[in-house]
Amino acid sequence: MSTYRILVVDDEEDLCEILQFNLETEGYQVDVAYSAEEALQKNISEYNLLLLDVMMGEISGFRMARTLRDNPKTARVPIIFQIGRASCRERV
């Protein structure tokens, strides 16, 4: 069985460390990028899942996701958005 690779993309270093630790404890191989720009330098098609923060610097998580969906090599990589918003309407 191959190891699932997850890329965590978030500008909060503490959150990245917590996610990486917990996911690696469960047996996943985890890489971290602290910005969308840094993440886009990686070979995204090698990952089984992206955990993507919505609110980042120059390139938002939504914009990065659109870029990935427009590229046939990365269009099918699953994405889970991380969102730190308070209201139910914003989370849905």
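Here are some notes:
- Candidates in the range 61-82 are the residues that are open to solvent by less than 60 Å² (accessible area, probe 1.4 Å) and closer than 19 Å to Asp11 by Cβ; of these, the one that is modelled with the lowest pLDDT is Gln82.
- Candidate set from the range 16-60 (those that are touching a residue at least 24 places away in the same chain (Cβ under 8 Å), in a helix (DSSP H, G or I) and not acidic (Asp, Glu)); member that is surrounded by the fewest Cβ atoms within 10 Å (Cβ to Cβ): Ser45
The values are calculated or read from the model by the stated rules, or taken from the named source; none is laboratory data. Just so it is clear, the structure is predicted and the values come from calculations on it, not from any experiment. All Cβ positions, even for glycine, are placed from backbone atoms using ideal geometry, and neighbour counts span all protein chains on display. Heads up: the accessible areas ignore ligands, DNA and RNA and are worked out on the full protein's heavy atoms, side chains in. Shrake-Rupley method; radii C 1.70, N 1.55, O 1.52, S 1.80 Å.
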